[in-house]
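> First the structure, then my questions, so here it is.
The values are calculated or read from the model by the stated rules, or taken from the named source; none is laboratory data. Owing to the predicted nature of the structure, the values given are computational and were not obtained by experimental measurement. Reconstructed Cβ throughout: ideal geometry from the backbone, glycine too, with neighbour counts over all protein chains shown. Heavy atoms of the whole protein, side chains included, go into the accessibility calculation; ligands, DNA and RNA do not. Shrake-Rupley method; radii C 1.70, N 1.55, O 1.52, S 1.80 Å.
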Amino acid sequence: QLQLVESGGGFVQPGGSLRLSCTPSGSIFKISAMGWYRQAPGKQRDVVGTITSTGSTNYADSVKGRFTISRDNAKNTMYLQMNNLKPEDTAVYYCNALSGTALHWGQGTQVTVSS
């Protein structure tokens, strides 16, 4: 069983930065695509961005130019660098990973942007 653990969330003022990590453990089998999602209170979970095993990325329009996804394939770890954070970025951030044909999710990490 593959487990994903997100870390790096916290409280930051508008304009600040945070770096999230998504670290897998357990039965790691050929993780291919990985992604970051977020869910604000009372809203659905939306995609932030995704990254393939070769490093190709896609981002939601709302975060383009501010967020960067990267991954260390040797560690199967994915990162989300978030710059110029805005109050509307406040949400629980989740990572997922496609391993074989199974999609796995982490438990989420809270990001709060407020003055």
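> Note the full-extension length gain between Gln110 and Phe29 as 0.36 nm times their separation in residues minus their Cα-Cα distance, in nm to one decimal. Could the numbers behind the result be given before it?
Details: separation 81, 0.36 × 81 = 29.16 nm, distance 2.75 nm.
Answer, rounded to one decimal: 26.4 nm.
> Sticking with this one: Under a point spin-label approximation (7 Å from Cα along Cα-to-Cβ), what is the Arg19-Gln39 distance to one decimal in nm?
2.8
> Would you mind getting the accessible area per residue of segment 1-99, heavy atoms of the protein chains only, 1.4 Å probe, in Å²?
51
> Given points 7 Å out from each Cα along the Cα-Cβ axis, report the Ser7 to Gln81 separation in nanometres with one decimal.
2.0
> Now for a different question. So for the chain: antiparallel DSSP bridges make up what percent, rounded to the nearest 5? Could the numbers behind the result be given before it?
On the way: 39 of 42 bridges.
Antiparallel bridges make up about 95 percent of those DSSP assigns within the chain.
> Relative contact order, percent, of the chain when contacts are C-alpha pairs under 8 Å separated by at least 6 residues?
Once divided by the residue count of the chain, the mean separation gives 37 percent.
> Still on this structure: What does the charge count around Ile51 come to, taking other residues whose C-beta lies under 12 Å from its C-beta (Lys +1, Arg +1, Asp -1, Glu -1)? Don't skip to the answer; put the middle values down first.
Working: positive: Arg71; negative: Asp72.
Taking every other residue near Ile51 into account, the sum is 0.
> Further question on the same structure: Within the chain, what whole-number % of the accessible surface is contributed by carbon and sulfur, with the 1.4 Å probe and all protein chains included in the calculation?
Values: 2910 of 6030 Å².
Carbon and sulfur together cover 48 percent of it.
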